[in-house]
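As structure tokens, the structure follows; a few thoughts come after it.
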Amino acid sequence: MDLIIEEEMIMPKMKTHSSLKGRFKITGTGKVRRYKAYRNHLLSHKSGRQKRVLAGNPVMAPGDVNRLKQQLANLK
């Protein structure tokens with residue numbers, strides 16, 4: 001006697017791309033802030049002006065945000 005077990009088709013949960021968690025932050029208004037390159041190490045030979053320009057986290061361009069929306073769906 002064959003038993004047929006019906007399984008419900010459950011869609012998998014959408015997961016946040018783990019590497020994006022540390023690279024982007026969502027502001028309170030929903031904008032995405034990014035980090036700048038060349039600001040992590042070897043700062044002693046860079047000029048003060050270059051370090052000032054690299055300071056801060058700019059808001060990401062709207063066209064780039066559209067590509068990240070699905071991957072950042074669960075990031076708060």
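Bear in mind these aren't lab numbers, they're just calculated from the coordinates by the rules spelled out. Please read all numbers here as calculations on a predicted model, not as lab measurements. Glycine also receives a Cβ, built like all others from the backbone with ideal geometry; neighbour counts cover every protein chain displayed.
Quick one: in the range 33-76, which of the residues that are assigned to a helix (DSSP H, G or I) and among the aliphatic types (A, V, I, L, M) is surrounded by the fewest Cβ atoms within 10 Å (Cβ to Cβ)?
Taking the range 33-76 first, the residues assigned to a helix (DSSP H, G or I) are 48-54, 62-68.
Still in the list and also among the aliphatic types (A, V, I, L, M): 53-54, 65, 68.
Working: V53: 13, L54: 15, V65: 16, L68: 17.
Across the range 33-76, the extreme among qualifying residues is V53.
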Matching residues in the range 4-58 - criterion: being over 15 Å from A73 (Cα atoms), of a type in the set (A, V, I, L, M, F, W, C) and out of contact with any Lys or Arg (no Cβ under 8 Å at 6 or more places or on another chain)
I4, I5, M9, I10, M11, A37, L42, V53
